[in-house]
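Derivation of every value follows stated rules applied to the coordinates shown; laboratory data play no part. Quick caveat, the model's predicted, so the values are computed rather than measured. Here Cβ is always computed from backbone atoms with ideal geometry, including for glycine, and neighbour counts include all displayed protein chains.
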Amino acid sequence: MQTQVRIIGIAGGSGSGKTTFARELAARLPKEHCEIIFQDNYYIDQSARFDFDGGNVNFDHPDALDFDLLAKQLAALKSGFPIEIPIYDFATHRRVAQTLPLVPKAIILVDGILIFHPEKVRNHFDDLIYFDTPEPLRFQRRLERDVRERGRIAEGVKAQFERQVKPMHDQFVEPTRCYANTVVSELEEFSPALETYISHCLELIASNR
Ligand SMILES: Nc1ncnc2c1ncn2[C@@H]1O[C@H](COP(=O)(O)OP(=O)(O)O)[C@@H](O)[C@H]1O
Ligand SMILES: [Mg+2]
């Protein structure tokens, strides 16, 4: 019998807790039945335009992303076909030649700030979770992460937040909150939401057998 694929979209601003939630959920489900797809893999090649952090390339605008490909690949998974996830190299701003193969699984989590924006992508989600985390906390988390993990300097992170992250969030990310069937807006809501989705996903996996 063909696997019935359920796709759960996890959206919200940068630093809102999406990836933490997606990874914790995936860690509590059987590996063979769950996979995470990251919006970041779908950046369009920006090597010709990139100048500096916070410069000409606006990584927070929907046009920076290949949502046509993401929509096509989510449709393929639902129809039972394997896909090849692109890989974007943040150092060179190019899509590399290799891809990540993914076979259809019962639970596919999609993590990204803008994934509820294009209708063609949004229509594929069976569940939509939005992390509505206050801006000061999102900024603080992003600052710490980018300095710690991405070798960025605080001034650059701050400038990019003001120039791109915040305006794009307000224009394109926050307005998609209305599509969510689960909104997590307080830190205390994180664990209950996680437990709810673990049970829900385990039921879906069991009903697939
Ligand atoms: N519920 C939470 N409680 C405490 N810290 C959290 C929580 N969710 C996320 N964080 C922390 O906030 C930072 C950003 O979270 P992350 O999941 O990477 O956000 P996003 O993927 O939405 O950009 C990480 O350092 C993470 O450990
Ligand atoms: Mg993330």
- How do L204, L194, L74 rank when sorted from fewest to most other Cβ atoms within 10 Å of their own Cβ? L194, L204, L74
- FRET efficiency for D63 and Q140, using Cβ-Cβ distance with R0 set to 30 Å, rounded to 0.05: 0.60
- Message: Taking loop as defined by DSSP and a crowding limit of 14 other beta carbons within 10 Å, which chymotrypsin sites (Phe, Trp or Tyr not before Pro) in region 90-153 fit?
- Response: F90
- Task: Please report how far the C-alpha centroid of region 23-97 lies from that of region 148-168, rounded to the nearest whole angstrom.
- Result: 20 Å
- Please list, or write none, the aspartates and glutamates whose alpha carbon is within less than 14 Å of the alpha carbon of K72, excluding same-chain residues fewer than 8 places away. E84, E119
- Would you kindly derive the ³J(HN,Hα) couplings of region 115-124 from the backbone phi angles with the Karplus curve 6.51 cos²θ - 1.76 cosθ + 1.60 (θ = phi - 60°), listing them in order in whole Hz, with x for Gly and Pro? 5, 8, 6, x, 4, 5, 7, 4, 4, 7
- Note on the structure: Once amide hydrogens are built 1.01 Å from N within the peptide plane, the residues lying 5 or more places from V183 or on another chain with amide H under 5 Å from its amide H are Y130
- Message: For region 98-163, which trypsin sites (Lys or Arg not before Pro) pass both filters: DSSP loop (anything but H, G, I, E, B) and at most 15 other C-beta atoms within 10 Å?
- Response: R150
- Residue by residue, what Karplus-based ³J(HN,Hα) values in Hz, rounded to whole numbers, does region 8-22 have, using 6.51, -1.76 and 1.60 with θ = phi - 60° and x for Gly and Pro? 10, x, 10, 10, x, x, 5, x, 7, x, 4, 5, 4, 5, 4
- With θ set to phi - 60°, apply the Karplus curve 6.51 cos²θ - 1.76 cosθ + 1.60 along region 29-36 and write out the HN-Hα couplings as whole Hz, x wherever there is a Gly or Pro. 10, x, 3, 6, 10, 9, 8, 10
- Hey, what did the chain get for relative contact order, percent, Cα under 8 Å, at least 6 apart? 34 percent
- Item | Proximal lysines relative to K78, as straight alpha-carbon distance under 30 Å, when same-chain residues fewer than 8 apart are discounted | K18, K31, K105, K120
- Surrounding charge for C34, neighbours by C-beta under 14 angstrom, Lys/Arg +1, Asp/Glu -1, total -2
- Task: Give, as a single signed number, the net charge of other residues whose beta carbon lies under 15 Å from the beta carbon of L74, with Lys and Arg counted +1 and Asp and Glu -1.
- Result: -2
- Item | Point-to-point label distance, N123-E186, nm (Cα→Cβ direction, 7 Å offset) | 3.8 nm
